[in-house]
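Peer 1: Supplied in structure tokens, the structure appears directly below.
The values are calculated or read from the model by the stated rules, or taken from the named source; none is laboratory data. The structure displayed is predicted, hence computed values, not measured ones. Cβ sites come from the backbone with ideal geometry, for glycine too, and all protein chains shown count toward neighbours.
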Amino acid sequence: MNTKRAFTLIELLVVIAIIAILAAILFPVFAQAKAAAKKTTDLSNTKQQGLGIMMYAGDNDDYFPRSAWTTNVNLWGWQTPMNWRDAVEPYVKGGTVRYQDGSKYRDLAEGGIWSTPSKPTGRGVYAANNNLMPSMCQWDNAASNSRCDQNGDGTPTGNAPFPSVNTSQLDAPAQISATWTIGINPDWNASGDVADSSWWWWGGAQWPPVFTGPTSGEKWDVDGKDWPTWAMPRYRYTSSLNSSFGDGHAKAVKKGQFNWCQYVYVKGLSTNWNDNWDWIFSPGNPCAAFAR
């Protein structure tokens, strides 16, 4: 006579324990695989942005697009009806660029290559290096503004616009970052158009500035409403940042290695806040070791 032998309690517990051990081993692997997939998608986004920027330059006498621009001289840089995404969109056709945020005139973007997979919310997560793609007009310390029209009467009699940048002006295009992810301002549910490139913020808001490590710009690696968190790099994937570069390629840079002197500032080029920071590369100054 055949008799069926049932599992004993001990055998059942052993099987459960084995399954639990396997789950404990595999679940982190699955999570890492998911994070890696998101990082790859984000890298693909920045790669397409870089290629779109290069194609735009190829059709426009080798000039990079501007990060922000307007024909209305009364508007400030962040109230512009056109930005670098509008210029690049015809070449990539991914996502939606035009999104007006109420009365704030903010050009934002969502979906496709304009949205990183791990963003908590919001639009416009990627920003442009305004050393390559300047916005609006030069800062006037006396008037404390960056308007083209200081009088507000609609005539362009104020500050001069920063000149557009030609690809030939880059001494090392493969080393200069063009776009990367930045933080989100919860009050706007979005990021800005331009990544901050001030040596003060990137250097940790201290003197002498430190451009790598915990006291550098990476300390603003958060989503928040306090300046400059929503204009600074956001390391969303395994403590790294995906960036497109001035020659169209893209790569990931680990947190603590995204050195402002190496990746952001270009000697001889203007920025949104100052027309000459070449001094910071001179002997005895913080970027001297990285002068090209």
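Peer 1: Mind checking which residues of the stretch 193-209 are surrounded by fewer than 17 Cβ atoms within 10 Å (Cβ to Cβ), farther than 21 Å from Ser135 by Cα and either hydrophobic (A, V, I, L, M, F, W, C) or in contact with a helix residue (DSSP H, G or I) (Cβ under 8 Å, 6 or more places away or on another chain) (or both)?
Peer 2: Ala205, Trp207
Peer 1: Please identify the pairs in which a residue from the stretch 41-61 that is among the hydroxyl-bearing types (Ser, Thr, Tyr) has its Cβ atom under 7 Å from the Cβ atom of a residue that is part of a helix (DSSP H, G or I), counting only partners at least 6 apart or on another chain.
Peer 2: Tyr56/Ala87; Tyr56/Val88; Tyr56/Tyr91
Peer 1: Suppose we keep only residues that are at pLDDT 85 or above and in a loop (DSSP other than H, G, I, E, B) within the stretch 271-292. Which one would you say is surrounded by the most Cβ atoms within 10 Å (Cβ to Cβ)?
Peer 2: Filtering the stretch 271-292 for residues that are at pLDDT 85 or above and in a loop (DSSP other than H, G, I, E, B), the one surrounded by the most Cβ atoms within 10 Å (Cβ to Cβ) comes out as Cys287.
Peer 1: So is Thr40 modelled with pLDDT of 80 or more and in contact with a Phe, Trp or Tyr (Cβ under 8 Å, 6 or more places away or on another chain) or not?
Peer 2: No.
Peer 1: Looking at (1) at negative phi; (2) at pLDDT below 90; (3) more than 14 Å from the chain's Cα centre (by Cα), which one does Trp260 not meet, given that it meets all the others?
Peer 2: That leaves (3) as the condition not met.
Peer 1: Report yes if Lys267 is over 21 Å from Pro134 (Cβ atoms) and not hydrophobic (A, V, I, L, M, F, W, C), otherwise no.
Peer 2: It is false that Lys267 is over 21 Å from Pro134 (Cβ atoms) and not hydrophobic (A, V, I, L, M, F, W, C).
Peer 1: Output the residue which, of all residues in the stretch 252-269 that are charged (D, E, K, R) and crowded, with 16+ Cβ neighbours inside 10 Å, is nearest to Asn45 (Cα to Cα).
Peer 2: Only one residue fits best here, namely Lys255.
Peer 1: With (1) in a loop (DSSP other than H, G, I, E, B); (2) closer than 22 Å to Asn166 by Cα; (3) under 19 Å from the mean Cα position of the chain (by Cα) as the list, and Gly268 as the residue in question, which single condition is left unmet?
Peer 2: All conditions are met except number (3).
Peer 1: Go over the candidates Asn159, Asn166 one by one and state the one that is farther than 26 Å from Asp42 by Cα and modelled with pLDDT under 80.
Peer 2: Asn159
Peer 1: Further, regarding this structure: Can you name the residue in the stretch 47-102 that is part of a strand (DSSP E or B) and more than 22 Å from Thr116 (Cα to Cα) and, of all such residues, is modelled with the highest pLDDT?
Peer 2: By that ranking, first place goes to Tyr63.
Peer 1: If you don't mind, there's one more thing I want to ask. Surrounded by 14 or more Cβ atoms within 10 Å (Cβ to Cβ), at pLDDT below 85 and closer than 26 Å to Gln262 by Cα - does that describe any residue in the stretch 179-187?
Peer 2: Scanning the stretch 179-187, I find no residue that is surrounded by 14 or more Cβ atoms within 10 Å (Cβ to Cβ), at pLDDT below 85 and closer than 26 Å to Gln262 by Cα, so the answer is no.
Peer 1: When only residues in the stretch 233-243 that are over 9 Å from the mean Cα position of the chain (by Cα) and outside any loop (DSSP other than H, G, I, E, B) count, which is surrounded by the fewest Cβ atoms within 10 Å (Cβ to Cβ)?
Peer 2: Ser240
Peer 1: Between a first residue in the stretch 248-270 that is touching a residue at least 12 places away in the same chain (Cβ under 8 Å) and a second residue that is acidic (Asp, Glu), which pairs have beta carbons less than 6 Å apart while being 6 or more apart in sequence or on different chains?
Peer 2: Note: pairs meeting the criteria are Lys255/Glu218; Lys267/Asp278.
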